[in-house]
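The values are calculated or read from the model by the stated rules, or taken from the named source; none is laboratory data. Just so we're clear, the structure is a prediction, and the values are computed from it rather than from any experiment. Glycine also receives a Cβ, built like all others from the backbone with ideal geometry; neighbour counts cover every protein chain displayed. Surface areas here come from the heavy atoms of the whole protein model, side chains and all, with no ligands, DNA or RNA. Shrake-Rupley method; radii C 1.70, N 1.55, O 1.52, S 1.80 Å.
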Amino acid sequence: MNKLWRRLAFLLFRRRFDGDLEEEMRFHLEMKARASGGTDDARYAAKRQFGNAFLLRETSRELWGWVWFEELAQDLHYAIRMLRRSPGFTTIAVLSLALGIGANTAIFTFVNAALLKPLPYPHPDRIVALSERHPKHGIALVHPRSFIEWHDRARSFEALAIAQAIPVNTEGDDGPEQVAGLWTTSELFQVFGVWPSRGRAFTDQETRPDASSVVILSHGYWQRRFGSDPNILGKTIQMERESSTVIGVMPAGFRVGTLNTDVYLPLPLDHNKPESVGSRSFQCYGRLRPDVSLALAQAEMAVIADQAGRQYAIDEGWGVVLVNLRDYLAQDSRQVLLLLLGVVAFVLLIACANIASLLLTRGVGRRSELALRASLGAGRLRLIQQLLIESLVLSAVGGVLGLVLGFWASRALVLLANDAVAFGQMADARLDIRVLGFTLALSLLTAIVFGLAPAWQASRFDLQGALKEHGRGSGDTRGQQRFRSALVVGEVALAVVLLVGAGLLLRTFSQLLQVKLGFQPEHVLTMHMVVTGGAARRANLVEGILDRVEALPEVRAVGTIQFLPLGGWTNRGPLHFVGRPAPAAPESMESDTSVVSHGYFAAMGIPVLRGRPFGRQDRMGSRRVALVNQSFVNRYCRQEDPLGLRISGDWSDPAPAEIVGVVGDIRHDGLTLEPRPTVFLAQAQGPGYITYLVVRTTAAPEGLARAIRHEILQVDHNQPVTDLKMMDEYVSASLARPKLYAALIGAFACLALVLAAVGLYGLMAYAVSRRTHEIGIRIALGAQPQAVLRSILVQGARLALMGLALGVVCAILASRFVASLLYGVSPGDVPTYAGVAALLGAVALIAAYVPARRASRVDPMVALHYE
């Protein structure tokens, strides 16, 4: 393609060779044919000439596309060359974008995994989670009795199942082993649409109490424990001291919700005695029929719950809540993820504002260059195109680097936050096409955000005036000055919002560190056991373990409890006083229930305020006794002495118990939750299956743990022990989440503050550089350096104060998004806002002082020759 053809195509395009010109050519050709006598040869020649002209027009359009791409290539080459000539500017811009885009990519990776990525089940939109709800008690798990009613009456579901995670004792390669089990009914796999890859699922007959023992293995446990034995089906393994037949192996990667399960066991649900397998402690899942919506199913279940409440007095007031499985799994992380996504978006906006300010400043310096290009024929759109391509190059490089940083950050966040967040689906967070598309879109968006306005501003100039200023510098307009100032004010305001949020979370973390636990976690070793067999065997086994462990020389006290404080589990139910008139509402009195052994209160350092603790005399067959905490006394025994009163509740053994002691309150459910009324029952009088051994020691926990394990195996060589932890670890775990929130938002807020300070510094430095001539004249005429310094500082302080005021208003409006994460601190906490104002003022002062000091030291002789 030679230059003549390219020039012809360009001229044809510039003359807009459109329909009007085509009609004009047709008219001239027809007139020419008539003038020649209208012969056939003349008409043919005219048509041929017109056809050639039409072909020339179409060819010119194709050539123009080629020319446009050639211009893009030229602009791209020129942009790369210009950015290479400014390594400092390019480095700062790319790093700022990489940090902003990388942070957004890392958080979006988790948002994608938790909220957007399809669940690994067929038709996951039809899977729902069902919970029970009470006006007073809120949302709760499902009672087996409720499940039976739903299963028998509901017509909105293809399948309905309940499940409960339980630890299971089994035989491992190195002795007794405890694995993660899941108790479930027969329709669980139908609900999730996933069937065993080997063997079969449970039948309805196998979930009856008198059925033979069968088990389904997870794919991971089948590989780890049995070496992927292809003949595993039909073999028997020891589960809870019973021989269980393996009937199936699940596919790789399958799990129920967020539960990591090793073995699936049939739930022995007796329809006549559903409470025999537990109370409201089961998760319920259902698969909707194809023609049933969530709203329709919710309406049907509300009617069924109302009917059940009339039929069973204990279910009165309990309703049903249906939630899409995706929302159910993400309910714990949705708010925090969206909050973090908003935070990193603020950081990216600040980075974009900084780069926009730099580009605008750079555009002022390049005004003579742009004017010269305009004088040679470049239009305004062509100039904007060339400047936008420079922005696209910056954002592309920053996006690639940000993608790498985002991948590393997401992997590091999984490791650092493992104790703070139950990641579930987020544990599978990885870069996929959706994350790559997000990063690409974000890079393009940032290029437009920080590049369009500077390009538009830079392309607006007086051509004649700009050419006259060539060689002696160029000034910027008042509008451009205001635009740069507005960018800095916006940066400061966004930084204030993030700093206030970080300050509130830091204050929350500080308040949590001062919470009184009610027990002494130092030097307390804990371990988990599942004790099987009959009640007498369980009681004797625990007593034997306590006797042997207590005899160790390093042990100061030892006891057991069903669920550890801060462990995330508790038993809660109604109770009443024996001999006192029952209240009007069936469940107007309720309490938590803990099953503990003698020695537990001494081992945990919980004070006995009145009466006595449990002793060895409190055993099976003796008078049943109980202890209560101070919150129980404050709520239910304000006018009388609690000692000697008899209580009964929704316990496994409903026999009344006499209160023999009062202990201090502890934070059992969490650091942010106030102590609730609690009843403590004696382990020896009503032994449970799950128990934690609690040992207060003076020795190193590692050596003592081995000794305790040895003593337990001496009592029962088939008893496994797991989860050996110090009680301090549970306390640290309860602080992990607020600590993580404060650390993440604090880090992003610090980054935002640094970017805002850089923006303010850059604006003040540029203002000083443009006013060097003026400042030199003022000093030459007698102005004091202190006055020059003060005027520059006042200009910087004015911008900082405007940003601070705007930021405080925005922070007050946005504080409701973090209100649920606060404890002991109000969203309008005055010390936090005062601290942020002081910090921002100091940083702004430093950022403005450096260029102001340089301005006050200008040499008048140098300044007069500056331009």
**OP:** Give me a count of the residues in segment 646-665 that are part of a loop (DSSP other than H, G, I, E, B), open to solvent by less than 40 Å² (accessible area, probe 1.4 Å) and farther than 12 Å from Ser594 by Cα.
**Re:** 2
Original post:
Only one of (1) under 22 Å from Leu329 (Cα atoms); (2) open to solvent by less than 10 Å² (accessible area, probe 1.4 Å) fails for Ala165. Which number is that?
Top reply: (2)
Original post:
Of the residues that make up segment 295-315, is at least one touching a Lys or Arg at 6+ places or on another chain (Cβ under 7 Å), open to solvent by 20 Å² or more (accessible area, probe 1.4 Å) and among the small types (Gly, Ala, Ser)?
Top reply: no
Original post:
Quick check, is Val321 more than 17 Å from Phe147 (Cβ to Cβ), modelled with pLDDT of 85 or more, crowded, with 16+ Cβ neighbours inside 10 Å and not acidic (Asp, Glu)?
Top reply: no
Original post:
With (1) buried (at least 17 other Cβ atoms within 10 Å of the Cβ); (2) more than 15 Å from Ser186 (Cα to Cα); (3) modelled with pLDDT under 90 as the list, and Leu267 as the residue in question, which single condition is left unmet?
Top reply: (2)
Subject >> Residue pairs meeting the criteria (Cβ under 6 Å; at least 6 apart or on separate chains; first small (Gly, Ala, Ser), in segment 523-539; second open to solvent by 20 Å² or more (accessible area, probe 1.4 Å) and not in a strand (DSSP E or B)) >> reply: Ala539/Met620
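Of all residues in segment 538-550, how many are open to solvent by less than 60 Å² (accessible area, probe 1.4 Å) and closer than 17 Å to Gln714 by Cβ?
The number of residues fulfilling the criteria is 7.
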Original post:
Do we have Thr691 as open to solvent by 30 Å² or more (accessible area, probe 1.4 Å) and out of contact with any His (no Cβ under 6 Å at 6 or more places or on another chain) here?
Top reply: no
Original post:
For segment 720-835, which fully contained helices (runs of 4 or more DSSP H) count at least 2 residues that are at pLDDT 85 or above and either open to solvent by 20 Å² or more (accessible area, probe 1.4 Å) or touching a Phe, Trp or Tyr at 6+ places or on another chain (Cβ under 7 Å) (or both)?
Top reply: 727-770, 785-814
**OP:** Please list, ordered by first then second residue, the pairs with beta carbon atoms under 8 Å, 6 or more apart or interchain, first in segment 696-715 and among the hydroxyl-bearing types (Ser, Thr, Tyr), second outside any loop (DSSP other than H, G, I, E, B).
**Re:** Thr697/Val524; Thr697/Leu525; Thr697/Val555; Thr697/Arg556; Thr697/Leu704; Thr698/Arg556
**OP:** Being open to solvent by less than 80 Å² (accessible area, probe 1.4 Å) and part of a loop (DSSP other than H, G, I, E, B) is the filter; apply it to segment 620-639 and report the residue that is modelled with the highest pLDDT.
**Re:** Arg624
Subject >> Count of residues meeting criterion [in contact with a helix residue (DSSP H, G or I) (Cβ under 7 Å, 6 or more places away or on another chain) and either polar (S, T, N, Q) or surrounded by fewer than 19 Cβ atoms within 10 Å (Cβ to Cβ) (or both)] in segment 528-537 >> reply: 0
Original post:
Of the residues that make up segment 203-214, is at least one modelled with pLDDT of 90 or more, open to solvent by less than 20 Å² (accessible area, probe 1.4 Å) and not in a loop (DSSP other than H, G, I, E, B)?
Top reply: yes
Subject >> Selection within segment 215-245 - assigned to a helix (DSSP H, G or I), surrounded by fewer than 16 Cβ atoms within 10 Å (Cβ to Cβ) and among the basic types (Lys, Arg) >> reply: Arg224
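If you take the residues in segment 564-614 that are of a type in the set (S, T, N, Q) and either buried (at least 17 other Cβ atoms within 10 Å of the Cβ) or touching a Ser or Thr at 6+ places or on another chain (Cβ under 6 Å) (or both), which one is modelled with the lowest pLDDT?
For segment 564-614, the residue satisfying everything is Asn571.
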Subject >> Only listed residue being more than 30 Å from Leu259 (Cα to Cα), of a type outside the set (A, V, I, L, M) and modelled with pLDDT of 50 or more, chosen from Asp75, Asp20 >> reply: Asp75
**OP:** Answer with yes or no whether Glu674 is more than 30 Å from Ile101 (Cα to Cα), assigned to a helix (DSSP H, G or I) and open to solvent by 20 Å² or more (accessible area, probe 1.4 Å).
**Re:** no
Original post:
Looking at this structure, is Leu627 under 29 Å from His523 (Cβ atoms), in contact with a Ser or Thr (Cβ under 6 Å, 6 or more places away or on another chain) and of a type in the set (A, V, I, L, M)?
Top reply: no
Subject >> Residues located in segment 125-149, provided they are over 22 Å from Ala180 (Cα atoms), modelled with pLDDT under 90 and either under 31 Å from the mean Cα position of the chain (by Cα) or among the hydrophobic types (A, V, I, L, M, F, W, C) (or both) >> reply: Ser131, Glu132, Arg133, His134, Pro135, Lys136, His137, Gly138, Ile139, Ala140, Phe147, Ile148
Original post:
Yes or no: Leu801 more than 15 Å from Leu494 (Cβ to Cβ) and among the hydrophobic types (A, V, I, L, M, F, W, C)?
Top reply: yes
